[in-house]
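Step one of this worksheet: look at the structure below.
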Amino acid sequence: MTTIPVLLGDRSYDVLVEEGSLARAGELLARHLAPRPARAALIADEHVLSLHGPRLLASLGGLACVTIPLPQGEAAKEISVYGRVLDELARARLDRGSIVLALGGGAASDLAGFAAATYLRGIRLVGFPTTLLAQVDASVGGKTGINLGAGKNLAGAFHQPSLVVIDPAVLATLAPRERNAGFGEVLKYGLLSPAPAILARLESQAPLEGPALVELIAECVALKADHVRRDEREESLRAHLNLGHTFAHALERAQDYRGLQHGEAVGLGLIAACHLSTLLLGCERPLADRVRRVLARFALPQRATFDPDAVLEHMGADKKRAGSELRLVLLERPGAPRVVPAPERSLLLDALAQIS
Ligand code: GLY
């Protein structure tokens, strides 16, 4: 079992990475949660629930657990679903000592986390992320939230989990496109990491499965845990984790969230960010080409169809803007990110031309 501690004083917790850990959920909860909860609610993506729920529930022993299914994907983050989930938690009589178990990808993790953050002003949360993207990103760090009519993730809370259990074996049940999309987010960590290990794994042709996949996930989680430890509320350093994301969110929105998967959009955003990093910060010229080669390895798109003006408009609306100034995370070199004011429109259009 690989254990990565997220050190946040009295809110510290462990992230456990091991193949087969989902079937040991009950034992791991008993070992890591004090005081022991008397009741739990399993809030889960309905599809993931049918695949992995029985194994998780069977491992819980005497812990009374109600199951609350969620619609698949972003539909889980609608305010009506959030209201229904809170009602179900209340009907099941969960109290302040109870726990929410979140099973699924990023959307299930965000919704279940927000329900745990707000039900009875906050109860404990344990994450069982089942996509690569949720394993390396959404389940760690305490960001929770739902979507509003006005935009994605506009209501939310920081609520750290008490434990995260990552079982890389569940990735085998993902559709290839969804599994590959997670590598867009892994590549982001490769570019941010001051140590070459993650990028080297992605650039080598060695298969990423079994122990190598466990190590890769653990390396990404350790990097994220370090950012969260040093800047839990994203006042400075944690913003580096948004590398490629200002472009990615705008691309997703310009396609009405019906085209690219998030990890695919992040991959494209990384090409655009690396291109600008070379132009503005003198970053090594071939970095965007290295990014393209990694994307090709995982069959991730290197181009997309979009209206550049719409993407620029949505970038202007990105919620990571400081005051009226749009800022971007760029790289001086791999492992050396910097937040800079966005350049003039013509350079942003040039960056978008690299991916259209
Ligand atoms: N997904 C970026 C963060 O958690 O800060």
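The values are calculated or read from the model by the stated rules, or taken from the named source; none is laboratory data. Note that the coordinates shown come from a computational prediction; the quantities given were computed from them, not determined experimentally. No Cβ is skipped: glycine too gets one built from the backbone with ideal geometry, and neighbour counts run over all protein chains shown. Calculation scope for accessible area: heavy atoms of the full protein, side chains included, ligands and nucleic acids excluded. Shrake-Rupley method; radii C 1.70, N 1.55, O 1.52, S 1.80 Å.
State all residues of the stretch 249-279 that are surrounded by fewer than 18 Cβ atoms within 10 Å (Cβ to Cβ) and in contact (Cβ under 8 Å) with a residue 60 or more places away in the chain; if no residue qualifies, say none.
Within the stretch 249-279, Y257, L279 qualify.
Just a yes or no: is a residue in the stretch 173-181 of a type in the set (D, E, K, R) and not in a helix (DSSP H, G or I)?
No, the stretch 173-181 contains no residue that is of a type in the set (D, E, K, R) and not in a helix (DSSP H, G or I).
Please state which of the following conditions L101 fails to meet, knowing it meets all the rest: (1) out of contact with any Ser or Thr (no Cβ under 8 Å at 6 or more places or on another chain); (2) without any contact (Cβ under 8 Å) to a residue 24 or more places away in the chain; (3) among the hydrophobic types (A, V, I, L, M, F, W, C).
(2)
Can you pull out every residue in the stretch 216-243 that is in a loop (DSSP other than H, G, I, E, B) and more than 11 Å from the ligand (Cβ to nearest atom)? Steps first, please.
Quick first cut of the stretch 216-243, residues in a loop (DSSP other than H, G, I, E, B) only: 231-236, 243.
The answer is E235, S236.
Within the stretch 140-161, can one find any residue that is hydroxyl-bearing (S, T, Y) and out of contact with any Asp or Glu (no Cβ under 7 Å at 6 or more places or on another chain)?
Taking every residue of the stretch 140-161 in turn, none turns out to be hydroxyl-bearing (S, T, Y) and out of contact with any Asp or Glu (no Cβ under 7 Å at 6 or more places or on another chain).
For (1) more than 14 Å from the chain's Cα centre (by Cα); (2) without any contact (Cβ under 8 Å) to a residue 40 or more places away in the chain; (3) under 20 Å from R338 (Cα atoms); (4) open to solvent by less than 20 Å² (accessible area, probe 1.4 Å), each residue gets a yes or a no:
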| site | (1), (2), (3), (4) |
| --- | --- |
| V170 | yes, no, no, yes |
| L174 | yes, no, no, no |
| D226 | yes, yes, yes, no |
| S236 | yes, yes, yes, no |
| F247 | yes, no, yes, yes |
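Give me the residue from the stretch 155-168 that is open to solvent by less than 30 Å² (accessible area, probe 1.4 Å), out of contact with any Phe, Trp or Tyr (no Cβ under 6 Å at 6 or more places or on another chain) and part of a strand (DSSP E or B) and, out of that set, nearest to T118 (Cα to Cα).
Per the stated criteria, the residue is A155.
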